[in-house]
């Protein structure tokens, strides 16, 4: 999911097929991002952990670019594009 923007940059026109779970994840991540930001200037927190927090915050801030091009439900219906059938 967090790699979608990079893949889209490397492959223009790339279609990302996924559920809309990212929408709920971004809403839930908003409070987490606020809480995590407090740790960025906390000296006892190891630098490697602060780097991870910064990367997570950038991912959350890039939320719009994380969404799929085509969104499907478990029933195979597509919410943001044409129909898609999943055969298992």
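The values are calculated or read from the model by the stated rules, or taken from the named source; none is laboratory data. Quick caveat, the model's predicted, so the values are computed rather than measured. A quick note on method: Cβ atoms are made from the backbone with ideal geometry, for glycine too, and the neighbour counts reach across all protein chains shown.
Here is how the numbers come out for the structure above:
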read-out: Qualifying residue in segment 18-30 (condition: surrounded by 11 or more Cβ atoms within 10 Å (Cβ to Cβ), assigned to a loop (DSSP other than H, G, I, E, B) and more than 15 Å from the chain's Cα centre (by Cα)); value: no
read-out: Subset of segment 38-88 that is part of a loop (DSSP other than H, G, I, E, B), within 24 Å of residue 9 (Cβ to Cβ) and touching a helix residue (DSSP H, G or I) at 6+ places or on another chain (Cβ under 8 Å) - its residue that is modelled with the lowest pLDDT; value: 62
